[in-house]
Structures are given as structure tokens and as C-alpha cells.
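Asker: Submitted below is the structure of interest, expressed as C-alpha cells.
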Amino acid sequence: MKTITSVAALREELLNEWEHSIGLVPTMGSLHAGHFSLIKEAKKNNDIVVVSIFVNPLQFGPDEDYDTYPRAFMMDEQYAEELGVDIVFAPTVQEMYPRTMYNKVHVEKGTQALCGKSRPGHFDGVSTVVLKLFNIVEPKRAYFGLKDAQQVAVIENMVIDFNLPVEIAACETVREKDGLAVSSRNSNLTRQERGQAVYLHDCLQEVKKSVEAGERDTAILEEEMRAFLHSNTDGVVDYCEILTFPELKHQSLLSGKIIIAAALQFSKVRLIDNVIVHVKGEKSYVSNNDEI
């Protein structure tokens with residue numbers, strides 16, 4: 001395995017690999033089981049796997065946790081080598097953004113709800129850095145987790161709009177034994193918060209059951225979510241929303257493919273989670289992204 005920190009060196013390394021398929025796993029480091037699953041999927045379907053490790057400042061707001069975001073580079077390198085990664089690309093901020101940006105990606109649609117509503121500019125920053133990574137690495141496939149399903153939708157739409165020759169592989173959410181979605185930020189939860197955090201997933205499961213039982217009124221279901229979280233946690237509810245997927249549009253009565261999503265803010269950590277459901281007539285058919 002090679003660790004490369006400059007754009008020029010990475011391009012030089014990949015210059016003679018045009019006959020091989022490249023799989024890219026973009027990360028912000030502090031690798032965990034969720035990242036491991038993405039890397040394993042990339043290994044199955046590509047000749048070369050590149051894992052990028054870069055905490056992207058463009059996607060953090062002024063009051064968010066950029067400075068305290070977990071960083072564990074030496075451990076990340078060890079994990080990557082054990083998993084058979086070919087190249088770790090770990091640029092500095094100066095390397096990725098050597099000057100003040102003259103151009104950035106601006107996401108026009110799909111960010112008016114969920115995390116996009118409460119984090120203005122976040123997905124512009126995500127899309128900008130992902131586009132840069134696609135141009136630098138030129139992967140055949142790129143791997144993202146469905147824990148952040150809105151991010152997956154935004155990136156897929158960018159690929160379509162800009163005719164990018166990249167296949168987006170959306171992989172199922174990896175969870176702890178109690179159902180909490182694996183996240184780098186979980187390490188910043190207090191013991192009490194960690195005990196309450198599981199209720200985020202439980203909330204989604206309760207609403208899913210209501211949908212399976214025939215409830216179709218979006219407002220009623222969203223209120224059920226808020227009431228559940230208020231009753232079981234001390235966290236501040238950021239949002240509880242049910243939208244079409246991947247269009248991310250509101251509908252008063254549920255139909256088709258939907259995402260049930262919520263975000264909960266604890267003292268130092270903001271957690272997100274979702275479940276994707278196919279609503280057909282009087283029954284709903286649930287994807288396994290909440291059953292890993």
C-alpha cells in the first residue's frame with residue numbers, strides 16, 4: 001500500500017493504470033466498520049482501490065465541529081493496509097485548495113430539506129470536494145454509505161448533470177449491535193447520550209411499523225417521530241421528515257419510494273439516520289439499509 005499526499009504524485013502513480021478499473025472510497029478518516037464495508041465492496045469490483053482521507057473544511061459551517069472532528073491517521077493507515085487498499089490519498093487542505101476558490105459547485109435542488117435545510121452550503125462543499133476527487137482519481141466507481149442518503153442523492157444527481165463517467169455505488173448502513181448507525185462522531189457522545197442515541201434508530205423503526213400498518217398521512221407520521229424522540233432523549237430534534245427518494249420532495253400522503261429520516265443534536269454531536277421504504281398500496285416493502 002502507498003500513502004500519497006500530493007495531487008501530482010497521485011496522478012503520476014495512476015498514469016499507467018488506464019487498463020485497470022479504479023474504485024474510490026472518499027472518507028474524512030477516523031475509519032470504522034461503515035468505511036470497512038465500502039472498502040470491501042470496492043475490492044470486490046475493482047482492480048485498484050483508492051481511499052481518500054480528507055477532512056473537508058468547505059462542508060463545515062462556522063459553528064460546526066471541523067476543529068474537533070475525530071482524526072486518527074496512523075490508525076486509518078493500518079486499517080487500510082489490513083483491508084488491502086492499494087493507495088491512501090491524504091492531501092492537506094493547502095494541497096486540495098492551494099488558492100481561494102474561483103469556482104465551486106452549487107447544488108440547486110435536493111438540499112431544501114433534511115440536512116441541507118439546517119446546514120446551508122454543506123452540500124455545496126461536499127459536491128465541490130467530490131468533484132475534485134473524481135477529477136484527480138478518475139475512478140470507474142465511487143462508494144458512499146446510505147447512512148447519509150441525502151448525500152448519495154446529491155452526488156448521483158451531480159454525476160448525471162455533469163455527465164461524469166463515474167458509477168455511484170450506494171452501500172447499506174452499517175450498525176452497532178443495538179441499531180445505532182456507525183459514525184466517526186459516535187466517539188464524542190457522553191455515556192448518557194450514547195444510551196439515548198439508539199432511540200434514533202428505534203424511532204425510525206416505529207414509524208416504519210406505522211406505515212406498514214397502513215398510515216399514509218405524512219404530517220401524522222412526522223409528529224409521531226418528534227414525539228418519540230422528545231419522550232426518549234434529551235437531544236434537540238433537528239428534523240423529522242418523510243420525503244420521496246431520491247427526489248427528496250414532500251408529499252402529504254405517502255406513495256412510492258420514500259425516505260424516513262431524522263437528525264438529533266446532542267451536546268457535541270449531531271446524529272442522522274434514515275430508512276428507505278417502498279410504499280405500494282396497503283403494504284410497504286422495506287429495503288435492508290436499516291437491517292445490517
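What follows is calculated from the coordinates using simple rules that are stated; it is not laboratory data. Predicted model, so just to flag it, every value in this text is computed and none were measured. Here the Cβ is made from the backbone with ideal geometry for all residues, glycine too, and neighbour counts use every protein chain on show.
Asker: Sort H122, H32, H250 so that the residue with the fewest other Cβ atoms within 10 Å of its own Cβ comes first and the one with the most comes last. Each step should come with its number before you reach the end.
Answerer: Numbers: H122 22, H32 18, H250 13.
Arranged by neighbour count, lowest to highest, H122, H32, H250 become H250, H32, H122.
Asker: For the stretch 39-190, what is the percent of antiparallel DSSP beta bridges, rounded to the nearest 5?
Answerer: Working: 1 of 9 bridges.
Around 10 percent antiparallel, to the nearest 5.
Asker: Let me ask you something else. Dipole size in debye (nearest 20) for the chain around its Cα centre, Lys and Arg Cβ +1, Asp and Glu Cβ -1? Numbers along the way, then the final one.
Answerer: On the way: 30 positive and 43 negative charges, 30 e Å.
Result for the chain is approximately 140 debye, rounded to the nearest 20.
Asker: I've got another one for you. Roughly speaking, what is the stretch gain from K268 to R216, that is 0.36 nm per residue apart minus the C-alpha to C-alpha distance, in nm to one decimal? It would help to have the intermediate numbers written out before the result.
Answerer: Details: separation 52, 0.36 × 52 = 18.72 nm, distance 3.47 nm.
Difference between extended and current length: 15.2 nm.
Asker: Follow-up. Which percentage, to the nearest 5, of the DSSP beta bridges contained in the chain is antiparallel?
Answerer: 55
Asker: Give me the one-decimal nm value for the distance between modelled label points at E82 and T190, 7 Å along each residue's Cα-to-Cβ direction.
Answerer: 3.2
Asker: Show me, for the stretch 181-188, the HN-Hα J-couplings you get by feeding each phi into the Karplus relation (A = 6.51, B = -1.76, C = 1.60, θ = phi - 60°), rounded to Hz, glycine and proline as x.
Answerer: Whole-Hz 3J(HN,Hα) from phi for the stretch 181-188: 5, 5, 8, 4, 6, 4, 5, 8.
Asker: Hand me the chymotrypsin sites (Phe, Trp or Tyr not before Pro) from the stretch 124-192 located in a DSSP loop with no more than 16 other Cβ atoms within 10 Å, in residue order please. Intermediate results must be reported in sequence, preceding the final value.
Answerer: Values: sites: F134, Y143, F144, F162; in loops: F162.
Sparse-neighbourhood loop chymotrypsin sites (Phe, Trp or Tyr not before Pro): F162.
Asker: Give, in nm to one decimal, the length gained when the segment between K209 and D234 is fully stretched (0.36 nm per residue of separation minus the Cα-Cα distance). Please list the in-between numbers first.
Answerer: Details: separation 25, 0.36 × 25 = 9.00 nm, distance 2.38 nm.
Answer, rounded to one decimal: 6.6 nm.
Asker: A follow-up question, please. Would you mind calculating the gained length between Q94 and K280 on full extension (0.36 nm times residue separation, minus the Cα-Cα distance), in nm to one decimal? Walk me through the numbers before you get to the answer.
Answerer: Details: separation 186, 0.36 × 186 = 66.96 nm, distance 4.99 nm.
Extra length from Q94 to K280 when fully extended: 62.0 nm.
Asker: Counting only helical runs of four or more DSSP H residues, what would the 222 nm mean residue ellipticity of the chain come to if each run contributes -39,500 (n - 2.57) and the total is spread over all its residues? Write out the running numbers ahead of the final one.
Answerer: On the way: 9 runs with 106 residues, N = 292.
So the calculated ellipticity at 222 nm is -11000 deg cm²/dmol.
Asker: Aspartates and glutamates near K40 by alpha-carbon distance under 17 Å, same-chain residues fewer than 8 away left out - which ones?
Answerer: Qualifying aspartates and glutamates at Cα under 17 Å: D76, E77, E81, E82, D86, E167, E172.
Asker: Return one number: the angle in degrees, 0 to 90 and rounded to the nearest 10, between the long axis of the Cα atoms of helix 33-45 and the longest principal axis of the Cα atoms of the chain.
Answerer: Roughly 60 degrees, rounded to the nearest 10.
Asker: Still on this structure, I have one more. Net charge near R119: determine it from the other residues with C-beta under 11 Å of the C-beta of R119, scoring Lys and Arg +1 and Asp and Glu -1.
Answerer: Overall, the nearby charge balance is -2.
Asker: Continuing with this model, one more query. Can you work out ³J(HN,Hα) from phi for every residue in the stretch 51-66, in order, using Karplus 6.51 cos²θ - 1.76 cosθ + 1.60 and θ = phi - 60°, giving whole Hz and x for Gly and Pro?
Answerer: Result, rounded to whole Hz: 10, 8, 10, 7, 7, 7, x, 5, 9, 9, x, x, 10, 9, 9, 4.
Asker: Taking neighbour counts of Cβ atoms within 10 Å as a proxy for exposure, in what order, fewest first, do K140, K147, K177 appear? All intermediate terms of the calculation are to be shown ahead of the outcome.
Answerer: Numbers: K140 17, K147 23, K177 6.
Ranking K140, K147, K177 by Cβ neighbours within 10 Å, fewest first, gives K177, K140, K147.
Asker: Within 10 Å of each residue's Cβ, count the other Cβ atoms and sort T128, T92 from fewest upward. Numbers along the way, then the final one.
Answerer: Values: T128 22, T92 11.
Ranking T128, T92 by Cβ neighbours within 10 Å, fewest first, gives T92, T128.
Asker: What dipole magnitude, in Debye to the nearest 20, does the stretch 125-187 give about its Cα centre under +1 on Lys/Arg Cβ and -1 on Asp/Glu Cβ?
Answerer: Details: 7 positive and 8 negative charges, 36 e Å.
Value, rounded to 20: 180 debye.
Asker: Another question, then. Roughly what angle does helix 191-212 make with the longest principal axis of the chain, taking Cα atoms, 0 to 90 degrees, to the nearest 10?
Answerer: Orientation of helix 191-212: about 60 degrees from the principal axis.
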